[in-house]
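Chemist: Let me begin by handing over the structure; questions about it come next.
The values are calculated or read from the model by the stated rules, or taken from the named source; none is laboratory data. In this text, all values refer to a predicted model and were calculated from it rather than measured experimentally. Here the Cβ is made from the backbone with ideal geometry for all residues, glycine too, and neighbour counts use every protein chain on show.
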Amino acid sequence: MKKSSIIASFILLATILVTAFPVDAALFPSPIIPCGTSESGGAPCKICHIYILIKNVIDALLILMVPLAALGIAIGGFWILASQGNPGNVAKGKEIIWNTIWGIVIALAAWILINTIMVTLVKPSASQFLNWNRFPSTCGGS
């Protein structure tokens, strides 16, 4: 296959994937910046908004991880399909797929680790799951 047809196929695949996984502001559960914007009613920022901002960034990254992982797996599959039996390209496609899977595992494991540490630090004697990432309404966040 010519290099130009591979590039054209890749652009077509990327276009299909981008339209299949639109990332819209409605996708996120809350605005990323919790204060001082028109969406928050112009409420002034407090110290607790820093924690809400961090939580919102983590949530946004975890939401974006899904379409990006699908794109990574599709690109790896494309490399395998377009390899025409070339072992180097097949190996590259498999490497892309495995790196994508490891990226998902690392991201979710990091979230679980942070959640476990926060639950332990917040209330070590609690035997039930605590919602450390829910903030009081006095802060004005979610």
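Chemist: Kindly evaluate Ile80 against the criterion of being part of a helix (DSSP H, G or I), of a type outside the set (Lys, Arg), over 13 Å from the mean Cα position of the chain (by Cα) and more than 19 Å from Ile106 (Cβ to Cβ).
Modeler: yes
Chemist: Moving on. If you scan the stretch 35-76, which residues turn out to be charged (D, E, K, R) and outside any loop (DSSP other than H, G, I, E, B)?
Modeler: Within the stretch 35-76, Lys55, Asp59 qualify.
Chemist: Being surrounded by 12 or more Cβ atoms within 10 Å (Cβ to Cβ), part of a helix (DSSP H, G or I) and either at pLDDT 85 or above or among the aliphatic types (A, V, I, L, M) (or both) narrows it down to one residue among Asn89, Asn115; which is it?
Modeler: So the residue among Asn89, Asn115 that is surrounded by 12 or more Cβ atoms within 10 Å (Cβ to Cβ), part of a helix (DSSP H, G or I) and either at pLDDT 85 or above or among the aliphatic types (A, V, I, L, M) (or both) is Asn89.
Chemist: Please state which of the following conditions Asn133 fails to meet, knowing it meets all the rest: (1) surrounded by 12 or more Cβ atoms within 10 Å (Cβ to Cβ); (2) in a helix (DSSP H, G or I); (3) modelled with pLDDT under 85.
Modeler: (2)
Chemist: OK, next. Go through Ile50, Ile96 for me and flag whichever is out of contact with any strand residue (DSSP E or B) (no Cβ under 7 Å at 6 or more places or on another chain) and under 24 Å from Thr15 (Cβ atoms).
Modeler: Ile96
Chemist: Oh, and also: Checking Pro29 against (1) within 30 Å of Leu113 (Cβ to Cβ); (2) modelled with pLDDT of 90 or more; (3) surrounded by fewer than 14 Cβ atoms within 10 Å (Cβ to Cβ); (4) not β-branched (Val, Ile, Thr): exactly one of these is not met. Which one?
Modeler: Exception for Pro29: condition (2).
Chemist: Now a separate question. Tell me yes or no: at least one residue of the stretch 51-73 is modelled with pLDDT of 70 or more, basic (Lys, Arg) and either surrounded by fewer than 14 Cβ atoms within 10 Å (Cβ to Cβ) or more than 15 Å from the chain's Cα centre (by Cα) (or both).
Modeler: No, the stretch 51-73 has no match at all.
Chemist: Any idea how many residues of the stretch 83-124 are touching a residue at least 24 places away in the same chain (Cβ under 8 Å) and touching a Ser or Thr at 6+ places or on another chain (Cβ under 7 Å)?
Modeler: 0
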